[in-house]
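Engineer: Sending over a structure as structure tokens; questions will come in a sec.
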Amino acid sequence: MDIPTRKRPAITIRAICLGALLCAFINISEPYLIGYVHTSPMSADFSTGSALFLLFVLSLMINLPMRWLAPKWAFEPGELLVCFIMMIVACAIPTWGFSFLLIPWLAAPTYYATPGNQWEEQIIPKLPDGYFMLDSEAARQFFEGLKEDENLPWELWIEPLSRWALFIMCFYIASVSLMVILRRQWIHNERLNYPLTQMPLALIPTGNEDHPPAYRKAAFWIGVAIPAVVYSFRGLHEYYPDVPVIQSGTRFWMRDFLFIDNFREHFRLNFYFEVIGLSFLLGAEVALSLWLFAFLAFIEQGIMHSIGYRIGPIQPFSGPGGQEISNQALGAMIVFVVIGLWRARKHFWATSRAAIGAVKMKEEDEEIISYRFAYSALVASCCYLLWWWHETGLGAWAPLLGFWFVILFVGLTKAVVQGGMAYARSPVVPAVASMHSLGISNLGEQGVIGLAMTGPYAMDTRTTVMTSTANALRLAEELPTHRKRLGYAIMLALVVSLIAAFAAILYIPYEYGCSNLSGWGFNRGWHQMTYNWAGQQITDQTPLGMEQFIFMGVGAVLMVVLTVMQMCFHWWPIHPVGLTLGYTWPVANTWFSVFLAWLFKTVLVRTGGRPLYMKARPMFIGLAVGGFVTAGFWAIAHAIVGHGAVSFTLG
């Protein structure tokens, strides 16, 4: 259904301006709330909780009263959707997506270097000039805070941040352009589900109604109330210890149930309301795939480790799954992406011909940018990315890193828009895949530094601009006219977000001391992991990963078999997408929530059919919305009080 434009176009100047202000607010508030106040991360994942919370506030608490009191000034549904689209793109920048990890990381080498970690011998001399902030006094001020008579040394950050800003904008332009090219293939040809877009659409009015469709259903508010009550008990307990806490998960040793003494794996049974709500919207075969392959990966890893078999230590951001599991998922991801690109071959041929003017596609009018601009921007941006990777140490191996970026970023994006995961992460990061593909003898020590420099934007891939853009383009389908203007709005959101995030993540550490702040990007864990990983590769002289390739082959074969079964037999109940995700931290913590949603839906459909499912659907959308909205209100409460230590989302 199209979002109506009852009085004015959807993409108006005031909608874009409001969207830009909200993007700046997200990128300034999120680092402050996580780092100083210690609240729930709301922009750290594909769920874009900050954007959903602000849309809820804008829709219910601001726009709905305006429709009664000042209808001429109320926002049209399309304007609300434009604001939300800009916000979900903005959510990929301030925290795990980029800035939160980048800026402290640029100052860390000189501050955290010790004789024990050997950074001064192995790391710092190999860092390319102009890309890091290596002034020792400015780094001390950053991590310990400014004294009363000291000023923030902005001038020392101008060159490195300018270089990184240009690079990341090219990276974002390439991501947006590729998603524009693939939009019609994924939405209309393959008919992917895009579950993450169902929450905002439920909060925006349709037709000539003043109320969004969800607000008119009691089941929705019941769903919202459940996480509100549970989370509020937990939040109140922080200030009033006598208030009881309703636990939302547990874990236990699996060896107690399998009677295998060496099975040293924790079994996590956590429930996240937002995951349950979103997973209820999935097809049964997709939901089954997500939890079943996570469970099987857990069992496989436990059995391998119980017999003492490991091909190496857990790699950065692949854990708690070992290299056996993560490389199986990587092999599956390769097949997943290659099959998807093969299916899209006719679409690529048609759009590329339209780009050079050989044919005219009427569908091109539905895109936010023309195919000619999309292909041109993609090629130009990729050329700059390859040059950057070449200059930062990879040399002639830069195209190999580019290959892994395509596989892992496109594969993860497609998995998220198909599987609706609020929380996910790439099973192997591009740097690790490149290291195992070459070995240090081919890559060289400078190449290891080049791989480590992908860390801030391509290691902890819990949110990306590519995935946010894919969901944004699905939402844009609801805008009936003037979609080309949306391209300018998205670019504005990226620029505003980058400036706001850079300013906030410079000011906050210098004001309070980065070492005193909370959060993965501010504390030393992130810095230690990436630089120590690079140093370890240099020390160990990591060879070509032959065992890793074997497990990749196993995963690829399994993926081919599952894909063939899905294509040839309509009764086959398991979608192959779950095999691509491995057993990463988000998967390990959320698989049980997906299982519960699958179980609820299966029981409802088998007992009451589709009518009962449709009646229950608003309640599960309410669960997802209520989880993020409650976390948002408690973040405000913590900010007013001045502190908080409760996280309602996956930290």
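The values are calculated or read from the model by the stated rules, or taken from the named source; none is laboratory data. Remember, predicted model here, so these are calculated numbers, not experimental data. Because the Cβ atoms are built from the backbone with ideal geometry, glycine has one as well, and the counts that use them run over all protein chains shown. Accessible surface is based on the protein model in full, side chains and every heavy atom, while ligands, DNA and RNA are left aside. Shrake-Rupley method; radii C 1.70, N 1.55, O 1.52, S 1.80 Å.
Engineer: Take the conditions within 25 Å of the chain's Cα centre (by Cα), crowded, with 20+ Cβ neighbours inside 10 Å and either closer than 26 Å to residue 560 by Cα or in contact (Cβ under 8 Å) with a residue 12 or more places away in the chain (or both) and apply them to residue 344. Does it pass?
Structural biologist: no
Engineer: For residues that are of a type in the set (S, T, N, Q) and open to solvent by 60 Å² or more (accessible area, probe 1.4 Å), scanning just region 186-211, find the one that is farthest from the chain's Cα centre (by Cα).
Structural biologist: Restricting to residues being of a type in the set (S, T, N, Q) and open to solvent by 60 Å² or more (accessible area, probe 1.4 Å), the top hit is 208.
Engineer: Considering region 118-150 alone, what residues qualify as being in a helix (DSSP H, G or I), closer than 19 Å to residue 389 by Cα and touching a Pro at 6+ places or on another chain (Cβ under 7 Å)?
Structural biologist: The answer is 124, and nothing else.
Engineer: A further question follows. So which of 573, 611 ends up being open to solvent by 10 Å² or more (accessible area, probe 1.4 Å), in a helix (DSSP H, G or I) and of a type outside the set (Gly, Ala, Ser)?
Structural biologist: Being open to solvent by 10 Å² or more (accessible area, probe 1.4 Å), in a helix (DSSP H, G or I) and of a type outside the set (Gly, Ala, Ser) holds for just one of 573, 611, which is 611.
Engineer: Related question: Look through region 4-21, keep the residues that are crowded, with 24+ Cβ neighbours inside 10 Å and either under 19 Å from the mean Cα position of the chain (by Cα) or farther than 30 Å from residue 519 by Cα (or both), and return whichever of them is modelled with the highest pLDDT.
Structural biologist: Here the residue is 15.
Engineer: Scan region 149-168 and give yes if some residue there is of a type in the set (Ser, Thr, Tyr) and open to solvent by 20 Å² or more (accessible area, probe 1.4 Å), otherwise no.
Structural biologist: Scanning region 149-168 turns up at least one residue that is of a type in the set (Ser, Thr, Tyr) and open to solvent by 20 Å² or more (accessible area, probe 1.4 Å).
Engineer: Only residues that are in a helix (DSSP H, G or I), of a type outside the set (Asp, Glu) and open to solvent by 50 Å² or more (accessible area, probe 1.4 Å): list them for region 352-374, please.
Structural biologist: Matches in region 352-374: 353, 362, 372, 373.
Engineer: Restricting region 514-537 to residues that are within 16 Å of residue 433 (Cα to Cα) and touching a residue at least 24 places away in the same chain (Cβ under 8 Å), which is farthest from the chain's Cα centre (by Cα)?
Structural biologist: This residue is 537.
Engineer: Within 21 Å of residue 316 (Cα to Cα), open to solvent by 10 Å² or more (accessible area, probe 1.4 Å) and assigned to a loop (DSSP other than H, G, I, E, B): is that true of residue 425 in this structure?
Structural biologist: Answer is yes for this residue.
Engineer: Using the structure shown, decide if residue 302 is among the small types (Gly, Ala, Ser) and either modelled with pLDDT of 90 or more or more than 19 Å from residue 587 (Cβ to Cβ) (or both).
Structural biologist: no
Engineer: Can you tell me which residue within region 106-131, out of those that are touching a residue at least 12 places away in the same chain (Cβ under 8 Å), among the small types (Gly, Ala, Ser) and out of contact with any Leu (no Cβ under 9 Å at 6 or more places or on another chain), is surrounded by the fewest Cβ atoms within 10 Å (Cβ to Cβ)?
Structural biologist: Among residues in region 106-131 that are touching a residue at least 12 places away in the same chain (Cβ under 8 Å), among the small types (Gly, Ala, Ser) and out of contact with any Leu (no Cβ under 9 Å at 6 or more places or on another chain), the one surrounded by the fewest Cβ atoms within 10 Å (Cβ to Cβ) is 130.
Engineer: Considering only residues that are of a type in the set (Lys, Arg) and at positive phi, which ones fall in region 153-194?
Structural biologist: Within region 153-194, the subset of a type in the set (Lys, Arg) is 163, 183-184, 191.
191 - this is the single residue of region 153-194 that is of a type in the set (Lys, Arg) and at positive phi.
Engineer: In addition: In region 445-491, how many are of a type outside the set (D, E, K, R) and modelled with pLDDT under 90?
Structural biologist: Selection size over region 445-491: 5.
Engineer: Open to solvent by 20 Å² or more (accessible area, probe 1.4 Å) and charged (D, E, K, R): does that describe residue 183? Walk me through how you get there before you give the answer.
Structural biologist: Details: open to solvent by 20 Å² or more (accessible area, probe 1.4 Å): no; charged (D, E, K, R): yes.
Answer is no for this residue.
Engineer: Then there's this: Can you confirm whether region 212-230 contains a residue that is within 30 Å of residue 478 (Cβ to Cβ), open to solvent by less than 30 Å² (accessible area, probe 1.4 Å) and not in a helix (DSSP H, G or I)?
Structural biologist: yes
Engineer: Further question on the same structure: Of the residues 444, 419, 411, which is out of contact with any Pro (no Cβ under 6 Å at 6 or more places or on another chain), in contact (Cβ under 8 Å) with a residue 12 or more places away in the chain and open to solvent by 10 Å² or more (accessible area, probe 1.4 Å)?
Structural biologist: Just a single option satisfies the conditions, and that option is 444.
Engineer: Right, next: Please return the ranges of helices (runs of 4 or more DSSP H) entirely within region 1-117 where 1 or more residues are closer than 21 Å to residue 210 by Cβ.
Structural biologist: 13-32, 49-56, 64-69, 77-90
Engineer: Among (1) surrounded by fewer than 17 Cβ atoms within 10 Å (Cβ to Cβ); (2) of a type in the set (A, V, I, L, M); (3) assigned to a loop (DSSP other than H, G, I, E, B), there is one condition residue 499 misses while meeting the rest; what is its number?
Structural biologist: Of (1) surrounded by fewer than 17 Cβ atoms within 10 Å (Cβ to Cβ); (2) of a type in the set (A, V, I, L, M); (3) assigned to a loop (DSSP other than H, G, I, E, B), only one is false for residue 499: (3).
Engineer: Given the conditions (1) under 23 Å from the mean Cα position of the chain (by Cα); (2) of a type in the set (Val, Ile, Thr); (3) open to solvent by 10 Å² or more (accessible area, probe 1.4 Å), which single one is not true for residue 580?
Structural biologist: Failing condition for residue 580: (3).
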